[in-house]
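To keep things clear, I will list the structure first and then write my remarks on it.
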There are 2 protein chains.
Amino acid sequence: MADQLHPVVSVRLFGTRKCFGPGVAELLRRVDERHSLRAAAQSMEMAYSKAWTITKNAEAELGFKLLASSAGGKNGGGAALTDDARRLLDAYGAYCAELRDYAERRFDEAFAFCAEARETQA
Amino acid sequence: MADQLHPVVSVRLFGTRKCFGPGVAELLRRVDERHSLRAAAQSMEMAYSKAWTITKNAEAELGFKLLASSAGGKNGGGAALTDDARRLLDAYGAYCAELRDYAERRFDEAFAFCAEARETQA
(Lines give C-alpha, C1' and ligand atoms only; values in the text may rest on other atoms or scores of the structure.)
Protein backbone atom coordinates (compact mmCIF):
# COMPACT_ATOMS: atom_id res chain seq x y z
CA MET A 1 0.00 0.00 0.00
CA ALA A 2 1.14 3.52 0.69
CA ASP A 3 4.29 2.40 2.50
CA GLN A 4 5.46 0.90 -0.75
CA LEU A 5 4.85 4.12 -2.63
CA HIS A 6 7.54 4.42 -5.27
CA PRO A 7 8.28 6.34 -8.46
CA VAL A 8 8.25 4.93 -11.98
CA VAL A 9 10.21 7.12 -14.36
CA SER A 10 9.97 6.97 -18.12
CA VAL A 11 12.23 8.75 -20.56
CA ARG A 12 11.48 9.67 -24.14
CA LEU A 13 13.76 11.45 -26.57
CA PHE A 14 12.38 14.21 -28.75
CA GLY A 15 13.89 15.97 -31.73
CA THR A 16 11.36 18.06 -33.57
CA ARG A 17 8.94 15.35 -32.43
CA LYS A 18 9.05 12.21 -30.32
CA CYS A 19 11.62 9.85 -31.74
CA PHE A 20 12.78 7.34 -29.12
CA GLY A 21 11.38 5.73 -25.99
CA PRO A 22 10.66 2.41 -24.31
CA GLY A 23 8.64 1.10 -27.29
CA VAL A 24 11.28 1.68 -29.98
CA ALA A 25 13.97 0.41 -27.63
CA GLU A 26 12.05 -2.82 -27.08
CA LEU A 27 11.42 -3.16 -30.81
CA LEU A 28 15.16 -2.85 -31.56
CA ARG A 29 16.04 -5.42 -28.89
CA ARG A 30 13.63 -7.84 -30.50
CA VAL A 31 15.01 -7.15 -33.97
CA ASP A 32 18.39 -8.07 -32.54
CA GLU A 33 17.02 -11.39 -31.25
CA ARG A 34 14.88 -12.24 -34.26
CA HIS A 35 16.91 -10.67 -37.09
CA SER A 36 13.68 -9.40 -38.61
CA LEU A 37 11.66 -6.23 -38.16
CA ARG A 38 8.51 -8.09 -39.12
CA ALA A 39 9.07 -10.83 -36.52
CA ALA A 40 10.01 -8.25 -33.89
CA ALA A 41 6.84 -6.24 -34.57
CA GLN A 42 4.70 -9.39 -34.50
CA SER A 43 6.12 -10.45 -31.15
CA MET A 44 4.97 -7.10 -29.72
CA GLU A 45 1.58 -7.29 -31.45
CA MET A 46 2.57 -4.20 -33.39
CA ALA A 47 1.64 -3.74 -37.03
CA TYR A 48 4.65 -4.05 -39.31
CA SER A 49 3.76 -0.71 -40.91
CA LYS A 50 3.88 0.94 -37.50
CA ALA A 51 7.21 -0.70 -36.65
CA TRP A 52 8.59 0.51 -39.98
CA THR A 53 7.28 4.05 -39.44
CA ILE A 54 8.58 4.50 -35.90
CA THR A 55 11.99 3.13 -36.92
CA LYS A 56 12.24 5.46 -39.94
CA ASN A 57 11.02 8.39 -37.84
CA ALA A 58 13.64 7.64 -35.17
CA GLU A 59 16.38 7.42 -37.81
CA ALA A 60 15.30 10.72 -39.39
CA GLU A 61 15.23 12.56 -36.05
CA LEU A 62 18.42 11.03 -34.70
CA GLY A 63 20.25 11.51 -37.98
CA PHE A 64 21.69 8.02 -38.21
CA LYS A 65 20.56 4.55 -39.24
CA LEU A 66 19.35 2.03 -36.70
CA LEU A 67 18.64 -0.94 -38.94
CA ALA A 68 20.70 -2.50 -41.69
CA SER A 69 18.88 -4.90 -43.95
CA SER A 70 20.62 -7.81 -45.53
CA ALA A 71 19.40 -9.38 -48.74
CA GLY A 72 19.55 -13.12 -49.37
CA GLY A 73 20.78 -15.78 -46.98
CA LYS A 74 18.90 -18.87 -45.95
CA ASN A 75 16.02 -16.85 -44.45
CA GLY A 76 15.74 -14.59 -47.47
CA GLY A 77 17.41 -11.60 -45.85
CA GLY A 78 16.54 -9.82 -42.65
CA ALA A 79 17.31 -6.90 -40.39
CA ALA A 80 20.21 -6.29 -38.05
CA LEU A 81 21.02 -3.45 -35.68
CA THR A 82 23.70 -1.00 -36.76
CA ASP A 83 26.58 -0.40 -34.34
CA ASP A 84 25.07 3.02 -33.68
CA ALA A 85 21.75 1.40 -32.72
CA ARG A 86 23.61 -0.73 -30.18
CA ARG A 87 25.34 2.31 -28.76
CA LEU A 88 22.01 4.10 -28.57
CA LEU A 89 20.37 1.19 -26.74
CA ASP A 90 23.29 1.04 -24.30
CA ALA A 91 23.28 4.81 -23.75
CA TYR A 92 19.50 4.91 -23.32
CA GLY A 93 19.54 1.98 -20.88
CA ALA A 94 22.32 3.51 -18.80
CA TYR A 95 20.69 6.95 -18.85
CA CYS A 96 17.30 5.55 -17.74
CA ALA A 97 18.98 3.55 -14.97
CA GLU A 98 20.81 6.65 -13.77
CA LEU A 99 17.60 8.71 -13.68
CA ARG A 100 15.72 5.94 -11.87
CA ASP A 101 18.48 5.69 -9.34
CA TYR A 102 18.38 9.45 -8.76
CA ALA A 103 14.57 9.34 -8.53
CA GLU A 104 14.74 6.61 -5.86
CA ARG A 105 17.34 8.49 -3.85
CA ARG A 106 15.29 11.71 -3.84
CA PHE A 107 11.89 10.11 -3.32
CA ASP A 108 11.66 9.61 0.43
CA GLU A 109 12.56 13.17 1.22
CA ALA A 110 10.29 14.66 -1.45
CA PHE A 111 7.25 12.68 -0.34
CA ALA A 112 7.96 12.41 3.39
CA PHE A 113 4.76 14.31 4.20
CA CYS A 114 2.67 11.44 2.80
CA ALA A 115 3.24 9.28 5.88
CA GLU A 116 2.27 12.21 8.07
CA ALA A 117 -0.85 12.90 5.99
CA ARG A 118 -1.92 9.25 6.35
CA GLU A 119 -1.56 9.37 10.11
CA THR A 120 -3.35 12.70 10.44
CA GLN A 121 -6.30 11.56 8.36
CA ALA A 122 -6.43 8.05 9.84
CA MET B 1 16.33 18.14 -35.79
CA ALA B 2 18.87 15.95 -34.12
CA ASP B 3 20.80 18.88 -32.66
CA GLN B 4 17.75 19.70 -30.58
CA LEU B 5 17.54 16.17 -29.25
CA HIS B 6 16.28 16.39 -25.69
CA PRO B 7 14.77 14.17 -23.01
CA VAL B 8 11.17 14.27 -21.82
CA VAL B 9 10.80 12.64 -18.42
CA SER B 10 7.53 11.52 -16.91
CA VAL B 11 7.01 10.36 -13.36
CA ARG B 12 4.25 8.17 -12.03
CA LEU B 13 3.74 7.04 -8.47
CA PHE B 14 2.82 3.45 -7.77
CA GLY B 15 1.61 1.81 -4.58
CA THR B 16 0.32 -1.69 -5.20
CA ARG B 17 -0.70 -0.24 -8.58
CA LYS B 18 -0.41 3.05 -10.43
CA CYS B 19 -1.94 5.79 -8.34
CA PHE B 20 -0.63 9.20 -9.35
CA GLY B 21 0.81 10.82 -12.45
CA PRO B 22 0.42 13.72 -14.85
CA GLY B 23 -3.26 12.94 -15.53
CA VAL B 24 -4.47 12.89 -11.91
CA ALA B 25 -2.31 15.94 -11.16
CA GLU B 26 -3.96 17.87 -14.00
CA LEU B 27 -7.39 16.71 -12.88
CA LEU B 28 -6.76 17.99 -9.34
CA ARG B 29 -5.51 21.34 -10.63
CA ARG B 30 -8.71 21.72 -12.62
CA VAL B 31 -10.87 20.75 -9.64
CA ASP B 32 -9.12 23.55 -7.79
CA GLU B 33 -10.03 26.03 -10.53
CA ARG B 34 -13.55 24.82 -11.16
CA HIS B 35 -14.57 23.61 -7.69
CA SER B 36 -16.17 20.57 -9.27
CA LEU B 37 -14.88 17.14 -10.19
CA ARG B 38 -17.49 16.90 -12.94
CA ALA B 39 -16.45 20.22 -14.51
CA ALA B 40 -12.78 19.32 -14.15
CA ALA B 41 -13.32 15.96 -15.88
CA GLN B 42 -15.38 17.57 -18.64
CA SER B 43 -12.66 20.12 -19.34
CA MET B 44 -10.23 17.25 -19.94
CA GLU B 45 -12.74 15.29 -22.01
CA MET B 46 -12.59 12.61 -19.34
CA ALA B 47 -15.70 10.66 -18.29
CA TYR B 48 -16.86 11.66 -14.82
CA SER B 49 -16.85 8.00 -13.80
CA LYS B 50 -13.18 7.72 -14.79
CA ALA B 51 -12.30 10.92 -12.91
CA TRP B 52 -14.08 9.57 -9.84
CA THR B 53 -12.37 6.18 -10.11
CA ILE B 54 -8.83 7.50 -10.54
CA THR B 55 -9.32 9.93 -7.66
CA LYS B 56 -10.65 7.21 -5.33
CA ASN B 57 -7.88 4.84 -6.41
CA ALA B 58 -5.24 7.51 -5.72
CA GLU B 59 -6.75 8.20 -2.28
CA ALA B 60 -6.82 4.48 -1.44
CA GLU B 61 -3.19 3.94 -2.49
CA LEU B 62 -1.86 7.13 -0.94
CA GLY B 63 -3.81 6.59 2.27
CA PHE B 64 -5.25 10.09 2.51
CA LYS B 65 -8.08 12.11 0.99
CA LEU B 66 -7.50 14.40 -1.96
CA LEU B 67 -10.98 15.84 -2.41
CA ALA B 68 -13.41 17.26 0.10
CA SER B 69 -16.94 17.71 -1.09
CA SER B 70 -19.12 20.49 0.22
CA ALA B 71 -22.90 20.22 0.21
CA GLY B 72 -25.14 23.19 -0.53
CA GLY B 73 -24.08 26.72 -1.44
CA LYS B 74 -25.25 28.63 -4.46
CA ASN B 75 -23.85 26.07 -6.91
CA GLY B 76 -25.37 23.12 -5.06
CA GLY B 77 -22.11 22.01 -3.48
CA GLY B 78 -18.86 21.06 -5.13
CA ALA B 79 -15.40 19.69 -4.66
CA ALA B 80 -12.32 21.25 -3.16
CA LEU B 81 -8.77 20.02 -2.72
CA THR B 82 -7.72 18.94 0.75
CA ASP B 83 -4.59 20.55 2.19
CA ASP B 84 -2.86 17.20 1.67
CA ALA B 85 -3.81 17.25 -2.02
CA ARG B 86 -2.15 20.67 -2.32
CA ARG B 87 0.97 19.40 -0.62
CA LEU B 88 1.00 16.40 -2.93
CA LEU B 89 0.67 18.59 -6.03
CA ASP B 90 3.46 20.84 -4.78
CA ALA B 91 5.70 17.89 -3.91
CA TYR B 92 5.01 16.15 -7.21
CA GLY B 93 5.65 19.34 -9.19
CA ALA B 94 8.93 20.02 -7.40
CA TYR B 95 10.04 16.39 -7.69
CA CYS B 96 9.31 16.28 -11.44
CA ALA B 97 11.15 19.58 -11.94
CA GLU B 98 14.15 18.24 -10.04
CA LEU B 99 14.26 15.05 -12.12
CA ARG B 100 13.90 17.01 -15.37
CA ASP B 101 16.70 19.28 -14.33
CA TYR B 102 18.94 16.30 -13.55
CA ALA B 103 17.96 14.65 -16.84
CA GLU B 104 18.93 17.80 -18.77
CA ARG B 105 22.26 18.10 -16.98
CA ARG B 106 23.20 14.47 -17.72
CA PHE B 107 21.87 14.35 -21.26
CA ASP B 108 24.68 15.78 -23.35
CA GLU B 109 27.29 13.51 -21.88
CA ALA B 110 25.11 10.39 -22.07
CA PHE B 111 24.22 10.93 -25.73
CA ALA B 112 27.40 12.62 -26.94
CA PHE B 113 28.03 9.78 -29.40
CA CYS B 114 24.89 10.74 -31.36
CA ALA B 115 26.59 13.73 -32.97
CA GLU B 116 29.52 11.52 -33.93
CA ALA B 117 27.19 8.85 -35.33
CA ARG B 118 25.44 11.46 -37.49
CA GLU B 119 28.72 12.67 -38.91
CA THR B 120 30.06 9.18 -39.53
CA GLN B 121 26.92 8.09 -41.38
CA ALA B 122 26.43 11.37 -43.26
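The values are calculated or read from the model by the stated rules, or taken from the named source; none is laboratory data. Just so it is clear, the model here is predicted, and its values are computed rather than measured. Heads up, the Cβs are rebuilt from the backbone with ideal geometry, glycines too, and the neighbour counts pull from every protein chain shown. When the accessible area is computed, the model is the full protein with side chains, heavy atoms only, and any ligands, DNA or RNA have been set aside. Shrake-Rupley method; radii C 1.70, N 1.55, O 1.52, S 1.80 Å.
Annotations for the structure displayed:
- For A:100-110, mean number of other protein chain Cβ atoms within 10 Å: 3
- Label-zone membership for region A:14-40, site B:HIS6, 7 angstrom Cα→C-beta point, backbone N under 19 Å: A:14-21
- Per-residue mean of C-beta atoms belonging to partner chains within 10 Å, peptide A:54-61: 1
- Spatially close Lys pairs in the protein assembly as shown, defined by Cα atoms under 27 Å apart and a spacing of eight or more places or different chains, total 17.
- Between A:ARG86 and A:ASN57, the simple spin-label model (points 7 angstrom out along Cα→Cβ) gives 2.8 nm.
- A point 7 Å from Cα along Cα→Cβ stands in for B:ALA122, and the other copies hold the same point at 6.1 nm, listed in rising order.
- Carbon plus sulfur fraction of accessible area for the protein assembly as shown, probe 1.4 Å, in percent: 50
- A:MET44-B:SER70 FRET efficiency (beta carbon distance; Förster radius 41 Å; 0.05 resolution): 0.30
- Placing +1 on the Cβ of every Lys and Arg and -1 on the Cβ of every Asp and Glu, with no other charges, gives region A:1-69 a dipole of roughly 300 debye about its Cα centre.
- For the chain pair B and A, the interface hides roughly 3900 square angstrom of accessible area in total, found with a 1.4 Å probe.
- Counting Cβ atoms of other protein chains within 10 Å of each residue's Cβ and taking the mean over peptide B:5-17 gives 6.
- Multiplying the residue separation of A:PHE14 and A:GLU104 by 0.36 nm and removing their Cα-Cα distance gives an extension gain of 30.0 nm.
- Annotation: peptides A:80-89, A:106-115, ranked by per-residue average of other Cβ atoms within 10 Å with the highest first, follow the order A:80-89, A:106-115.
- Against the empirical curve 2.2 N^0.38 Å, the C-alpha radius of gyration of the protein assembly as shown lands at a ratio of 1.25.
- Prolate/oblate/rounded label for region A:10-122 (Cα gyration tensor, a/c 1.5): prolate
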